[in-house]
Each structure stands twice: as C-alpha cells, then as structure tokens.
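The values are calculated or read from the model by the stated rules, or taken from the named source; none is laboratory data. Given the structure is predicted, the values throughout are model-derived calculations rather than measurements. Cβ: placed from backbone, ideal geometry, glycine included. Neighbour counts: every protein chain shown.
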Amino acid sequence: MTVWFQPPRLRVSEENEAEPRHATWLELFYDLVFVVAVSQLAHNLSKDVSIAGFFSFSALFVPLWWTWIGTTFYANRFDSDTFGQRLLVGVQMLAVAALAVNVHHGLGSTSSGFALSYAVARIVLVLEYLWAGWHIPVARGLTTYYAKGFAIAAFFWLISAFVPIPIRFVLWGIGLAVDFATPLTAQRFQRNLLPHAEHLPERFGLFTIIVLGEAIIAVVNGVAEMEWQWMSAVSAVCGFLIAFSLWWIYFENVSGSALETIKDSGKLASLQVWLYVHLPLVIGLAATGVAVEHVIASEPSLALSTPERWLLCGSVALCCFALSILHRTGVIFYCKARTKHRLGAVAILLAVAIAGNNLLPLSAIAIVAIVCIAQVILDLYQGRPQV
C-alpha cells in the first residue's frame, strides 16, 4: 500500500532526468477526454454560427482549457505515475467528461452541471497541490499559494450551481478571474520552481494538435456528408491546406528556448505570455475547423453567408494574431519579420471578412488557404529557426 501511494516528486530540472522527458502514457490518456470535449464544443458552435454563438463557444472553452492547463502544470512539476495519482487523474477525467456532456446547453439548462463539473476538477487539483506541498518542503510556498487561489475559485464555481443564472455567470467570472490571477501573482514562488523546459512545450504542442484535429475532422465530415461536386471537393482540399499551414507555422517555430531564456534571465513575463496567448490561439484553431466544415457544406453556387465568412476569416486571423504576439515577444522563434507577416495575414483576412459579401464558398476558402500557404512560403524563404 505504501508503494501505491508514494509521494509526488519534484521534476523541474532536466539535470535530474536520466533521459529526455516526454509526456507519459497517463497524460496522453488524459488528453483523450479533451478530444471529446473539444469536439462537443465545436458541435455546439456549428449549430449557432453567429457572434453570440462564438462568444458562447469561447466562454465554455476557457474553463475547459484552464482545466487542462491546471493538470498539465501540476504534472510538469510534480509528476509521479503512482496508483494514487492515477486515481486522481481518473476523477479529473470524469469531471472533464461531465463538462463535455453539459456544454450543449452550458449557458442555459445544464449550466449548473457544467459549474459542478469544473468545481470538482479544480478541487482535485487543490488536493494534488496540498499533497505535493506536504511531501516537498522546498515547493510548499508555491503549492500552498496555488491551493488557496484555486480553492477560492472552485468555491465560487461550486456555489454558482445553486443560484439563478444571471448571478451564476457573475460568480463564474469571479472564479475565472481568481484562477487566472493565481499564477500571475505567484512569481516570487515560481522563480526557483520554473516548469520543465522539455516537457511543457511538448504538452502544449499536443493540445494544439488536438484542436487542429478538429479541422481535419471537419474536412472529412464535410466531404462525407455532401453530394459530390467538384467545387465542394476543392473547398475540402483548401480546408486541409489551411490546417496543414497553421500546423506548419506553429510547429516550425515553437521550441523550449523561451523557457531556457526565462531560466537564464529570471524574467517570468515570457512564461505568462506563452501560457495565456495560447488561449486565443487554440480557440481560433478549434473555430477554424467548424468554419471549414460549414464552407464545404455550403451551396457552391451561392455566396457564402456573412456569419460563416466571418467565422472562417476571423478564426484564422485570431490564430495569426496570437502567433504574431508569440513571435514578437520571443516566446516562440523571435522574429520581427514573421511578426509582420502574421499581422499582414490578419489584415488581409479581416479585409476579406468585411468586403467579401459576394464571395462564393470556394473563393472565400481559397483566399484564406492562399494567405496561410503564403505564411509557410515566407517562413521557408527566411530559413528555419536555429534551436
């Protein structure tokens, strides 16, 4: 029994690792439930392609993403694949599955279930931090601070399930504000416990792959459900090229160098930028998949509707804007030219969204695909970043 419940270990240094650290099988299994959850959220947006639908999608995406972030950062510092840890992760997976079940009316009739599910996931995380702090004195300052902050946030979410909807959402906002503020205000505890520089970029890359997968699923679903028409088939190819290009410009430039720089300089701002700017990036990627599916399924001979045009162009523009910030701050490959290229893509995409009222679905998605491919070509022209 002692072996089953052995304490967590501190794993923030590469020097103590016998070999390069990668995601564990438990972490990969944990990610599976987020594949389902993101898919359910995308389905929710697909049913309501509008400004209100996008904001509802984003509002529900944030706590889902933050749940993944909390577990990932804990595992990055205190991973221990033991019997007890597996049980706790299993409870967290059930909580995330419950989040996925409740997203369809997550701002309506099932919002109380959504709130309770999120609260359970956070409470388990609080227990994990208390357990780690109990056994690792050097980390106790950080674990205690995190446990307090996340416990306060979980409390707001818990009580929100038992109050009327207008007040419920106010409590959600307070809870998320506390959740997001906790890491931002814990820098004095983070300086000597920086994340593992090899493990964390890989984990973020895996989540990025999950949301990019929605675009590939959208292409397959769009082709499978349509009557065979060459224009729709070409639209599907363009949708794949968009996803492939976004994958290229992200993974060609991402590396652990930012975390290494933080270790050398002691500046934690880059870590915070790296963390929080990934939120609009993954929201944009997930929404892009929904937009691609709608474009493929649209009537080829009729102009693409305004909401669908905005969803397509706006989602990809959001991805490019997030990448421009990451480039400019040096969180991924620092490059002023690539920052300008990404911002140029944002300008073109927004111009198409504003002025493309008469664009056919194929024309709209082809323009977006060309913009994305141009980003890849410009990166190739500049050469690969030196890692």
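Things to note:
- Test: ILE365 is in a helix (DSSP H, G or I) and surrounded by fewer than 22 Cβ atoms within 10 Å (Cβ to Cβ): no
- Hey, ALA100 crowded, with 16+ Cβ neighbours inside 10 Å, in the same structural domain as ILE165 (by TED's automatic domain parsing) and at pLDDT 95 or above or not: no
- Just one of the listed residues (LEU26, LEU45, LEU32, LEU88) is farther than 29 Å from ALA132 by Cα, at pLDDT below 95 and aliphatic (A, V, I, L, M), namely LEU45.
- Restricting segment 37-75 to residues that are in contact with a Leu (Cβ under 6 Å, 6 or more places away or on another chain) and small (Gly, Ala, Ser), the residue that is farthest from ARG309 (Cα to Cα): GLY70
- Test: residue in segment 320-342 that is touching a Gly at 6+ places or on another chain (Cβ under 7 Å), over 19 Å from TRP248 (Cβ atoms) and not in a loop (DSSP other than H, G, I, E, B): no
- Count of residues meeting criterion [surrounded by fewer than 21 Cβ atoms within 10 Å (Cβ to Cβ) and of a type in the set (Ser, Thr, Tyr)] in segment 120-144: 1
- Any chance ARG328 is farther than 22 Å from PHE54 by Cα and of a type outside the set (A, V, I, L, M): yes
- Of the helices (runs of 4 or more DSSP H) lying entirely inside segment 251-310, the ones with 3 or more residues being at pLDDT below 80 are found at 257-265, 269-276.
- Selection count where residues are at pLDDT 95 or above and either buried (at least 20 other Cβ atoms within 10 Å of the Cβ) or under 17 Å from ALA291 (Cβ atoms) (or both), scope segment 374-387: 1
- Some residue of segment 235-247 being in a helix (DSSP H, G or I), touching a helix residue (DSSP H, G or I) at 6+ places or on another chain (Cβ under 8 Å) and at pLDDT below 85: no
- Boolean, ARG86 is out of contact with any Ser or Thr (no Cβ under 7 Å at 6 or more places or on another chain), in the same structural domain as PHE155 (by TED's automatic domain parsing) and crowded, with 20+ Cβ neighbours inside 10 Å: no
- For beta carbons closer than 9 Å, sequence separation of 6+ or different chains, a first residue in segment 28-39 that is within 12 Å of LEU64 (Cβ to Cβ) and among the hydroxyl-bearing types (Ser, Thr, Tyr) and a second that is in a helix (DSSP H, G or I) and modelled with pLDDT under 90, the qualifying pairs are SER39/GLY213; SER39/GLU214; SER39/ILE217.
- Test: residue in segment 312-329 that is farther than 22 Å from ALA218 by Cβ, assigned by TED's automatic domain parsing to the domain that holds ALA291 and hydroxyl-bearing (Ser, Thr, Tyr): yes
- Residues in segment 145-195 that are crowded, with 17+ Cβ neighbours inside 10 Å and among the charged types (D, E, K, R): ARG168, ASP179.
- Scanning segment 334-387 for residues that are closer than 25 Å to VAL273 by Cβ and among the hydroxyl-bearing types (Ser, Thr, Tyr) returns TYR334, THR339.
- The one condition from (1) farther than 15 Å from LEU246 by Cα; (2) touching a Ser or Thr at 6+ places or on another chain (Cβ under 9 Å); (3) modelled with pLDDT of 95 or more that ALA347 does not meet is (2).
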